[in-house]
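Take a look at the structure set out below.
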Amino acid sequence: MNGRGLGCGCLGCGGGTLLVLALLGGLAWFMVIQPARNFLAGLSQPAQTQTQPQTGAQSSGGTAPGAAANAPLTRAEVQRFVRVRREVRNALGSSFTGVQQVWTDIQNGQSPNVLQMMAVLRNAGSSVGAARQAQAAALAKEGMSPERYAQVRAAVNRALGLPTVDFAQAAQALQNGQLPDLSSTVQAGGGPDRALVEPFRRELSATAAAGLLGL
């Protein structure tokens, strides 16, 4: 008898393998690549509403768009950061709950996996664009550049001892066909900026999960 052999269907062994690979490729596209692309598209949306900075933004400690990366943190900047992050949190709506759950695990020392990350990106995909718009409008209102906002966010996280992990960077790696680095480091906290952020610790800690989305 000339049977095809165990596991070989009408397409032959080679054809069956190709079909399986095609199915896996399609699954990877819909479950991983496409959600990552949708998330990044929402995150990179340009601001559609521009408002003028507050009159006293620069005179009361605001920073110009070209502020140096090593410029010392000020109390006024922390206050502006709190207000911007508050708008971001509100714009994320109910999708913030899933982000917060993963963030809590990271704070407890657990490194997230790709499946957890993709679940967060899928859930936040529909609201991240609105959150990005809210962030851009709030930054314009506060007279703070996106670059300085990122610097202040990093300083705040260091001062509060918050983990360092960014799903936006991980999503970019996936889109580029690279395996993302999801390792996180829980920082010790403290430092010279601790006194500046301490009065806002409760709210900053409550909204810190937005940083997972690069916001």
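For the stretch 182-202, taking the residues that are touching a helix residue (DSSP H, G or I) at 6+ places or on another chain (Cβ under 6 Å) and modelled with pLDDT of 90 or more, the one that is surrounded by the most Cβ atoms within 10 Å (Cβ to Cβ) is identified as VAL197. Applying the condition of being among the basic types (Lys, Arg) and at pLDDT below 95 to the stretch 113-147 and asking which residue is farthest from GLN100 (Cα to Cα) yields ARG132.
The values are calculated or read from the model by the stated rules, or taken from the named source; none is laboratory data. These numbers come from a predicted model, not from an experiment. So basically every Cβ, Gly included, is an ideal-geometry build from the backbone, and we count neighbours across all protein chains shown.
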